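Remarks on the structure that follows.
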Amino acid sequence: MERTFIAIKPDGVKRGFIGKILQRFEDKSYKIVALKMLNVTQEQAKKHYAEHEGKAFYPSLIEYITSGPVVAMVLEGENVVAGARHIMGKTNPDEADVGTIRGDFAQAKEYNIVHGSDSVESAKREIAIYFSEDEMCENYKTMLEIVMGQ
(Lines give C-alpha, C1' and ligand atoms only; values in the text may rest on other atoms or scores of the structure.)
Protein backbone atom coordinates (compact mmCIF):
# COMPACT_ATOMS: atom_id res chain seq x y z
CA MET A 1 0.00 0.00 0.00
CA GLU A 2 1.12 3.49 -0.86
CA ARG A 3 0.83 6.59 1.33
CA THR A 4 0.39 10.25 0.47
CA PHE A 5 0.28 13.55 2.33
CA ILE A 6 -2.75 15.81 1.92
CA ALA A 7 -3.30 19.23 3.49
CA ILE A 8 -6.49 21.23 3.43
CA LYS A 9 -5.01 24.70 3.12
CA PRO A 10 -6.06 27.75 5.16
CA ASP A 11 -8.63 28.87 2.58
CA GLY A 12 -10.29 25.45 2.62
CA VAL A 13 -10.44 25.47 6.42
CA LYS A 14 -11.69 29.08 6.60
CA ARG A 15 -14.40 28.43 4.00
CA GLY A 16 -15.68 25.35 5.85
CA PHE A 17 -14.78 22.61 3.36
CA ILE A 18 -13.04 20.16 5.72
CA GLY A 19 -15.89 17.64 5.79
CA LYS A 20 -16.60 17.85 2.07
CA ILE A 21 -12.92 17.31 1.21
CA LEU A 22 -12.51 14.40 3.64
CA GLN A 23 -15.65 12.86 2.15
CA ARG A 24 -14.13 12.84 -1.35
CA PHE A 25 -11.18 10.74 -0.17
CA GLU A 26 -13.32 8.47 1.98
CA ASP A 27 -15.73 7.93 -0.93
CA LYS A 28 -12.75 6.53 -2.85
CA SER A 29 -12.11 4.19 0.13
CA TYR A 30 -8.70 5.62 0.91
CA LYS A 31 -7.76 4.91 4.50
CA ILE A 32 -7.01 7.96 6.66
CA VAL A 33 -4.11 6.78 8.84
CA ALA A 34 -3.30 10.20 10.38
CA LEU A 35 -5.28 13.42 10.71
CA LYS A 36 -4.84 16.67 12.63
CA MET A 37 -5.51 20.38 12.51
CA LEU A 38 -2.49 22.59 13.09
CA ASN A 39 -0.96 25.97 12.55
CA VAL A 40 1.99 25.42 10.21
CA THR A 41 5.17 26.90 11.66
CA GLN A 42 7.68 28.90 9.62
CA GLU A 43 10.11 25.97 9.99
CA GLN A 44 7.59 23.43 8.67
CA ALA A 45 6.60 25.74 5.80
CA LYS A 46 10.23 26.24 4.76
CA LYS A 47 10.85 22.48 4.79
CA HIS A 48 7.64 21.80 2.90
CA TYR A 49 8.39 24.32 0.13
CA ALA A 50 12.19 23.95 0.12
CA GLU A 51 12.29 23.16 -3.62
CA HIS A 52 10.78 26.58 -4.35
CA GLU A 53 13.23 28.60 -2.25
CA GLY A 54 14.65 31.47 -4.30
CA LYS A 55 11.68 31.64 -6.66
CA ALA A 56 9.67 34.85 -6.84
CA PHE A 57 6.52 33.22 -5.41
CA TYR A 58 8.29 31.48 -2.48
CA PRO A 59 7.58 34.21 0.13
CA SER A 60 3.88 34.23 -0.72
CA LEU A 61 3.74 30.40 -0.37
CA ILE A 62 5.18 30.63 3.13
CA GLU A 63 2.89 33.51 4.08
CA TYR A 64 -0.20 31.70 2.77
CA ILE A 65 0.39 28.28 4.37
CA THR A 66 1.10 29.93 7.74
CA SER A 67 -1.88 32.33 7.52
CA GLY A 68 -4.31 30.05 9.35
CA PRO A 69 -4.90 26.47 10.41
CA VAL A 70 -4.56 23.57 7.99
CA VAL A 71 -5.89 20.04 8.24
CA ALA A 72 -3.05 17.62 7.55
CA MET A 73 -3.59 13.96 6.81
CA VAL A 74 -1.95 10.81 5.59
CA LEU A 75 -3.95 8.63 3.23
CA GLU A 76 -3.17 5.03 2.41
CA GLY A 77 -4.34 3.00 -0.55
CA GLU A 78 -3.51 1.44 -3.88
CA ASN A 79 -1.89 4.11 -6.12
CA VAL A 80 -3.07 6.75 -3.64
CA VAL A 81 -0.63 9.47 -4.79
CA ALA A 82 -2.00 9.53 -8.35
CA GLY A 83 -5.57 8.84 -7.24
CA ALA A 84 -5.63 11.65 -4.68
CA ARG A 85 -4.18 14.09 -7.22
CA HIS A 86 -6.93 13.11 -9.65
CA ILE A 87 -9.58 13.77 -6.97
CA MET A 88 -8.00 17.17 -6.22
CA GLY A 89 -7.86 18.25 -9.87
CA LYS A 90 -5.41 20.50 -11.67
CA THR A 91 -3.53 23.11 -9.62
CA ASN A 92 -5.23 25.95 -11.46
CA PRO A 93 -8.93 25.75 -10.60
CA ASP A 94 -9.83 27.39 -13.92
CA GLU A 95 -8.41 24.28 -15.62
CA ALA A 96 -9.65 21.72 -13.08
CA ASP A 97 -12.55 19.49 -14.07
CA VAL A 98 -15.94 19.92 -12.43
CA GLY A 99 -16.24 17.16 -9.84
CA THR A 100 -12.69 17.64 -8.55
CA ILE A 101 -12.00 19.42 -5.27
CA ARG A 102 -10.30 22.37 -6.95
CA GLY A 103 -12.78 22.48 -9.82
CA ASP A 104 -15.68 22.64 -7.39
CA PHE A 105 -14.31 24.75 -4.53
CA ALA A 106 -11.15 26.70 -5.44
CA GLN A 107 -11.33 30.26 -6.70
CA ALA A 108 -7.73 31.07 -7.65
CA LYS A 109 -4.50 29.21 -8.36
CA GLU A 110 -2.84 30.88 -5.38
CA TYR A 111 -5.68 29.73 -3.10
CA ASN A 112 -6.45 26.28 -4.43
CA ILE A 113 -7.91 24.71 -1.27
CA VAL A 114 -5.78 21.57 -1.00
CA HIS A 115 -2.23 20.23 -1.33
CA GLY A 116 -1.29 16.68 -2.25
CA SER A 117 2.10 15.04 -2.66
CA ASP A 118 3.20 14.68 -6.28
CA SER A 119 5.20 11.45 -5.82
CA VAL A 120 5.83 8.66 -3.33
CA GLU A 121 9.19 10.27 -2.49
CA SER A 122 7.58 13.68 -1.86
CA ALA A 123 4.91 12.00 0.25
CA LYS A 124 7.51 10.41 2.52
CA ARG A 125 9.31 13.74 2.94
CA GLU A 126 6.12 15.73 3.56
CA ILE A 127 4.62 13.17 5.96
CA ALA A 128 7.79 13.37 8.07
CA ILE A 129 7.46 17.18 8.29
CA TYR A 130 3.99 17.00 9.85
CA PHE A 131 3.69 13.59 11.54
CA SER A 132 5.76 11.31 13.71
CA GLU A 133 5.56 7.57 13.18
CA ASP A 134 3.68 7.10 16.46
CA GLU A 135 0.86 9.34 15.14
CA MET A 136 -0.03 6.79 12.45
CA CYS A 137 -3.19 4.79 13.17
CA GLU A 138 -2.73 1.73 11.01
CA ASN A 139 -4.41 -1.02 12.98
CA TYR A 140 -7.94 -0.72 11.72
CA LYS A 141 -9.83 -1.88 8.67
CA THR A 142 -12.08 0.19 6.46
CA MET A 143 -15.55 -1.16 5.65
CA LEU A 144 -14.30 -2.01 2.15
CA GLU A 145 -11.49 -4.14 3.62
CA ILE A 146 -13.95 -5.89 5.94
CA VAL A 147 -16.43 -6.58 3.11
CA MET A 148 -13.65 -7.78 0.79
CA GLY A 149 -12.31 -10.07 3.54
CA GLN A 150 -8.87 -8.45 3.58
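Val114 meets the stated requirement of being within 13 Å of the chain's Cα centre (by Cα) and within 22 Å of Ala45 (Cβ to Cβ).
Tell me, yes or no, whether region 107-115 has at least one residue that is out of contact with any His (no Cβ under 9 Å at 6 or more places or on another chain), at pLDDT 95 or above and not β-branched (Val, Ile, Thr). Scanning region 107-115, I find no residue that is out of contact with any His (no Cβ under 9 Å at 6 or more places or on another chain), at pLDDT 95 or above and not β-branched (Val, Ile, Thr), so the answer is no. Flag: Glu63 matches the condition of being at pLDDT 95 or above and either under 15 Å from Lys28 (Cα atoms) or exposed (fewer than 14 other Cβ atoms within 10 Å of the Cβ) (or both). Sort out which residues of region 49-98 are aromatic (Phe, Trp, Tyr) and assigned to a helix (DSSP H, G or I), and write them in order of number. Across region 49-98, the qualifying residues are Tyr58, Tyr64.
If you take just the helices (runs of 4 or more DSSP H) that sit entirely in region 1-48, which of them hold at least 3 residues that are touching a Ser or Thr at 6+ places or on another chain (Cβ under 9 Å) and either without any contact (Cβ under 8 Å) to a residue 12 or more places away in the chain or not basic (Lys, Arg) (or both)?
Working: elements: 10-14, 18-27, 42-48.
The helices (runs of 4 or more DSSP H) meeting that bar are 42-48.
For region 117-150, residues that are closer than 20 Å to Val70 by Cβ and either touching a residue at least 12 places away in the same chain (Cβ under 8 Å) or under 14 Å from the mean Cα position of the chain (by Cα) (or both) total 15.
Using the structure shown, decide if Arg24 is farther than 20 Å from Phe105 by Cα and modelled with pLDDT of 95 or more. For Arg24, the condition - farther than 20 Å from Phe105 by Cα and modelled with pLDDT of 95 or more - is not met.
Across region 100-150, which residue is surrounded by the fewest Cβ atoms within 10 Å (Cβ to Cβ) among those that are part of a helix (DSSP H, G or I) and acidic (Asp, Glu)? So that I can check it myself, show each step before the final result.
So in region 100-150, the residues part of a helix (DSSP H, G or I) come out as 101-105, 120-130, 133-135, 143-147.
If we keep only those that are acidic (Asp, Glu) as well, we get 104, 121, 126, 133-135, 145.
Working: Asp104: 17, Glu121: 10, Glu126: 23, Glu133: 8, Asp134: 6, Glu135: 14, Glu145: 12.
So the residue we want is Asp134.
The values are calculated or read from the model by the stated rules, or taken from the named source; none is laboratory data. On a predicted model such as this, the values are computed, not experimentally measured, just so you know. As a convention, Cβ positions derive from the backbone with ideal geometry for all residues, glycine included, and neighbour counts pool all protein chains shown.
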